[in-house]
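Step one of this worksheet: look at the structure below.
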Amino acid sequence: MIQSSQPDPKVVIALDFPKTQLAYDFAQRLDPKLCRLKVGKELFALGGPQLVEKLIAQGFDVFLDLKYHDIPNTVAMACRAAAEMGVWMVNVHSLGGRKMMEAAKEAVLSASHQPLLIGVTILTSMETEDLAEIGLKGTPKENVLRLAKLAKSSGLDGVVCSAQEASDLRHELGQDFCLVTPGIRPANADVNDQKRIMTPADAISAGSSYLVVGRPITQAQDPLAILNAINASIGI
Ligand code: C5P
């Protein structure tokens, strides 16, 4: 099930700010018709549900990026709490396994509002040697594909993945599976610490459903101009 609001912005801005006030001030400069917002662990630790609810009240769809990974009951209850907060998207670690993901899905379905439930596969910071060290054979790409299939068969709506994995995953998992891709950089933007980047237009062509973009927009002199340029480049 792919949820959508009207209109359906593809850019999800990562609100990676060290103070809640900076995040609020930044959101004031944006328009919910042009983008969605991602709240991660740092900002949630600072601002909690109050911050998320405030952003939602301003009309924004919020991706709560807390990457839950725990026993099935705990993850299920956390996902249900996130759903009741009114978020548009929430995520769990696929490495928590089928029982955990199925419990998360069931919990979300029983909530009064159903966010998209997305799986994190392999963190993009991990390479083949890191996987071997924790007992996972094969390359990150092989593990991503296996875990994305597991996420789909456990009832999840999609996965977070690198845009460079998007075309394979789109091919393997079909059109209805949601692919959320960070590591997006407009052609002339600073790469920062991202390793495997792709432009917004290439990512959409490769099969991305939503583009997570942080610093190219949050650190721009004119964030709205960059957002508008990205939207124009993907035909929005
Ligand atoms: O600033 P930048 O565009 O690099 O931000 C990307 C956002 O996506 C950050 O919030 C980062 O934590 C998140 N992310 C990522 N790579 C992943 C998963 C999440 O960059 N594999």
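The values are calculated or read from the model by the stated rules, or taken from the named source; none is laboratory data. This one's a predicted model, so the numbers in the text were calculated from it and none came from an experiment. Note: ideal-geometry Cβ built from the backbone for every residue, glycine included; neighbour counts use all protein chains shown.
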Which residue, of Phe26, Phe17, is surrounded by fewer than 22 Cβ atoms within 10 Å (Cβ to Cβ), touching a helix residue (DSSP H, G or I) at 6+ places or on another chain (Cβ under 8 Å) and not in a helix (DSSP H, G or I)? Phe17
Long-range neighbours under 7 Å by Cβ, at least six apart or interchain, first residue more than 17 Å from Ala14 (Cβ to Cβ) and at pLDDT 95 or above within the range 207-236, second part of a strand (DSSP E or B) and not acidic (Asp, Glu): Gly207/Leu179
Which one is nearest to Val90 (Cα to Cα) among residues in the range 176-194 that are more than 8 Å from the ligand (Cβ to nearest atom) and free of Cβ contacts under 8 Å to residues at least 12 places away in the same chain? Val191
Take the residues in the range 111-155 that are touching a residue at least 60 places away in the same chain (Cβ under 8 Å) and within 16 Å of the ligand (Cβ to nearest atom), then tell me which one is farthest from Trp88 (Cα to Cα). Thr124
Qualifying residues in the range 137-191 (those that are hydroxyl-bearing (Ser, Thr, Tyr) and surrounded by 21 or more Cβ atoms within 10 Å (Cβ to Cβ)) - the one nearest to the chain's Cα centre (by Cα): Thr181
Name the one entry in Ile217, Ile197 that is within 11 Å of the ligand (Cβ to nearest atom) and closer than 22 Å to Pro140 by Cα. Ile197
